[in-house]
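The values are calculated or read from the model by the stated rules, or taken from the named source; none is laboratory data. Everything numeric here is computed off the predicted structure, so don't read it as measured data. Heads up, the Cβs are rebuilt from the backbone with ideal geometry, glycines too, and the neighbour counts pull from every protein chain shown.
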Amino acid sequence: MLWRAVAAYRVVAWVYAVVLLARADGDYAHPLGAWLVLAALGAWSAVAPLAYAVRRGPALGIDLAAALGSIAVTGVLDTHERVVSGAQTLPVVWPAAAVISWGLALGWAGGLGSAVAVGVVGVLERGELAQQTVHNAVLLCVTGSILGYAASIQREAQRQLSSARAAEAALAERERLGRVVHDGVLQVLALTARRAATADDPDLTALAAEAEAQERALRRLVSGVVGASSATGTDLAARLAALASDDVDVAVPPVAVQVCPAVADELEAAVRAALDNVRVHAGPGAHAWLLLEETAEEVVVSVRDDGPGFAPGRLDEAEQAGRMGVRSSIVGRLRDLGGSARIEAAPGFGTEVELVVPKAAR
């Protein structure tokens, strides 16, 4: 859009220069030469949009050369009296198109540099540092710099928007693939593992173990794909959602819960450890519920099951006996993150594990 505006300005400025020359060509020392110069500028004005679209670098050079050259030849084609009296240069305001183009293409430095070049040639053509010449040069410098800076900001914003759209599309595709795998392959593996585990055939028992191992490996893969890292972190909600199965219900916020990759890895590992404990200790048919919540100050993950639970003090007894599974795989991980792990259970009422991580750890 900006380049179209420059192309339109170039044509309008050329028409303005033609009108002024038509009114004053009798005062020029070499009017034919002046018309030939304007004809060349008109031809370039017509082909410049195409030239910029094909090869911007050479087009910038030609544009600036045409601007500087048309100013410089004014002193040759016009009379000395008109030049020293402050008459308009032959291209009038047409050279500003080159300054704007340099600013759009190269930023504020390109706009400022080209404006300085036009100003210097204008002073040399005039032969003195006239107030009007300086005024025009300052206006060009300000215009070129501001438009160049604005163009740089616009390009960066467009780049960030394109990057965000690409990341959003990639995330949507990853989530789609994750759903396909979860709803198909994972469910089949889980069903195979459960049914084979109840058989008396040793081969089927081995098959159940292998199916369960492959199910876990595939869940880790899906979790890694869906919860892929982005510029702002890792979506913990997507990674925990991938843990859903027939025996595990997962509830997460409808929006991404961004945490740093290290925190996501440790939280997911702690949740997996809690779910493993459900499978091992809660007995066959036990069901687990996983809940992710985000508050203004912390991220909270709860894992609750409907198993038989255990008596108070059972964890302390297990630790004293040297069984450090819960201590190392759950409590230790959360402590290292600056958070906490709370485990509550009672005989006949299941078990609940609550993992809390402050947002400062994110």
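Some points to look at:
- The set of residues in the range 72-121 that are without any contact (Cβ under 8 Å) to a residue 60 or more places away in the chain, in contact with a Ser or Thr (Cβ under 6 Å, 6 or more places away or on another chain) and not in a helix (DSSP H, G or I) contains only 89.
- Near pairs, Cβ below 6 angstrom, 6+ apart or cross-chain, from the range 332-355 (free of Cβ contacts under 8 Å to residues at least 40 places away in the same chain) to any residue that is surrounded by 21 or more Cβ atoms within 10 Å (Cβ to Cβ): 340/334; 343/353; 345/351
- Within the range 35-55, the set of residues being under 42 Å from the mean Cα position of the chain (by Cα), part of a helix (DSSP H, G or I) and surrounded by fewer than 15 Cβ atoms within 10 Å (Cβ to Cβ) comprises 43, 46, 47, 50, 53, 54.
- Positions within the range 279-293 being among the charged types (D, E, K, R) and modelled with pLDDT of 90 or more, in sequence order: 293
- Test: residue in the range 56-63 that is among the small types (Gly, Ala, Ser), part of a helix (DSSP H, G or I) and either at pLDDT below 90 or surrounded by fewer than 20 Cβ atoms within 10 Å (Cβ to Cβ) (or both): yes
- Filter pass, residue 296 being loosely packed, with under 12 Cβ neighbours inside 10 Å, modelled with pLDDT of 80 or more and in a loop (DSSP other than H, G, I, E, B): yes
- Residue 66 being touching an Asp or Glu at 6+ places or on another chain (Cβ under 8 Å), buried (at least 19 other Cβ atoms within 10 Å of the Cβ) and assigned to a helix (DSSP H, G or I): no
- Assessment of the range 260-273 against the conditions (part of a strand (DSSP E or B), in contact (Cβ under 8 Å) with a residue 40 or more places away in the chain and closer than 22 Å to residue 347 by Cα) yields no matching residue.
- Restricting the range 319-359 to residues that are hydroxyl-bearing (Ser, Thr, Tyr) and either assigned to a strand (DSSP E or B) or more than 29 Å from residue 258 (Cβ to Cβ) (or both) leaves a set whose member that is modelled with the highest pLDDT is 340.
- Among the residues of the range 129-144, at least one is in contact with an Asp or Glu (Cβ under 9 Å, 6 or more places away or on another chain) and either under 22 Å from residue 14 (Cβ atoms) or at pLDDT 90 or above (or both).
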